[in-house]
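S.K.: First the structure, which I've put down as structure tokens, then a few questions once you've had a look.
Just so it is clear, none of the values below were taken in a lab; they were calculated from the coordinates. Please read these numbers as outputs of a predicted model, since none were measured by experiment. Neighbour counts run over all protein chains shown; Cβ positions are idealised from the backbone, glycine included.
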Amino acid sequence: MDLLLSILDETRSFPQILQDEWIGLLASAFILVSFLFSKATLTRIINLCGCVVFVVYGILLPSYSTAVMNLALIIVHIVFITKDVRAKLKAKKAQTEEQEQSKNKTD
């Protein structure tokens with residue numbers, strides 16, 4: 001129904017409407033594919049890409065609620081990705097230090 005109303009909207013041409021719909025489908029594909037991965041960080045990164053495309057889609061429509069919601073999700077994803085990466089780096093550093101300590105004890 002929205003597509004039909006958009007077609008009747010005189011401010012946008014039919015090719016522009018189709019282009020916008022393809023952008024929305026691309027964003028949806030990113031979101032769908034992101035749920036196929038079991039690793040949380042990878043899921044968030046791919047989902048983040050979908051959110052970025054949805055922000056563009058929301059601005060082009062214009063559907064500012066879509067753009068704002070996905071912008072908020074981008075912030076959430078960045079926060080959690082940053083936490084995950086920092087935790088992994090901290091764990092790797094602790095593991096390296098532990099290996100060096102055990103190596104020094106054997107020497």
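S.K.: Report yes if some residue within the range 94-101 is crowded, with 16+ Cβ neighbours inside 10 Å and outside any loop (DSSP other than H, G, I, E, B); otherwise report no.
M.R.: The answer is no, given that none of the residues of the range 94-101 is crowded, with 16+ Cβ neighbours inside 10 Å and outside any loop (DSSP other than H, G, I, E, B).
S.K.: I've got another one for you. Considering only the range 37-71, state which residues are under 23 Å from residue 83 (Cβ atoms), hydroxyl-bearing (Ser, Thr, Tyr) and part of a helix (DSSP H, G or I).
M.R.: 41, 43
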